[in-house]
Amino acid sequence: MGSNRKKPVGRTPIIPIFISMKTATVSELKKELNELPAKQLVDLCLTLAKYKKDNKELLDYLLFEAHNKAHFIQEVKREIDEHFEELKFQSNLYYVKKSLRKLLRIINKYCKYVADKALAAELHIYFCSKLKDSRIPYKKSQLLVNLYEQELKKINTLIAALHEDLQQDYLNDLERIMA
């Protein structure tokens, strides 16, 4: 019933205490950045780009791709096509699921970069249409069926946030992939 081990006398357990630094708000950062000289701003941007791959990719998008979103979306669709081409040779549904989740992470990252719900809906609709048109037996795996249904829910949420004129166009696309 009781433990025969003796408890250490006079010792208290050490509990690590983590102190988090206070992070500045976006408005504070904006105010501070406005006061910096151009050279120092460039150095800060380069430091951010070196720190994390996502920062570098976002900076690349903002500098080179943001002015032509239509071209960027075409490039993302081409990347989606390449991923589906690679999946043609995969017979194991476990690896297909992992690859599809990886592709969705990439799509979601690009959707954050674009920050346009209409273009995000377009990319997710394109993903679902590619999945449906592929010969991947996604209906044999409940995990893949759930992934597909989650994408449809996400598309509906994105479409609901759009202007009524755009909604109808995307709803037609959505009905086409759900048929």
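The values are calculated or read from the model by the stated rules, or taken from the named source; none is laboratory data. Keep in mind that what you see is a predicted model, and the values were worked out from it rather than measured. In this analysis, Cβ positions are derived from the backbone assuming ideal geometry, glycine residues included, and neighbour counts consider all displayed protein chains.
Worth pointing out:
Yes or no, residue by residue, for (1) on the phi > 0 side of the Ramachandran plot; (2) modelled with pLDDT of 90 or more; (3) part of a helix (DSSP H, G or I); (4) within 19 Å of the chain's Cα centre (by Cα):
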{"residue": "P8", "(1), (2), (3), (4)": "no, no, no, no"}
{"residue": "S20", "(1), (2), (3), (4)": "no, no, no, no"}
{"residue": "E32", "(1), (2), (3), (4)": "no, yes, yes, no"}
{"residue": "H67", "(1), (2), (3), (4)": "no, yes, no, no"}
{"residue": "E85", "(1), (2), (3), (4)": "no, yes, yes, no"}
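- Any hit, segment 138-148, residues being in contact with a Phe, Trp or Tyr (Cβ under 7 Å, 6 or more places away or on another chain) and aromatic (F, W, Y): yes
- For segment 97-149, the candidate set comprises residues that are among the acidic types (D, E) and under 18 Å from the mean Cα position of the chain (by Cα); within that set, the residue that is surrounded by the fewest Cβ atoms within 10 Å (Cβ to Cβ) is E149.
- Scoring L48 on the criteria (1) out of contact with any helix residue (DSSP H, G or I) (no Cβ under 6 Å at 6 or more places or on another chain); (2) assigned to a helix (DSSP H, G or I) leaves a single failure, condition (1).
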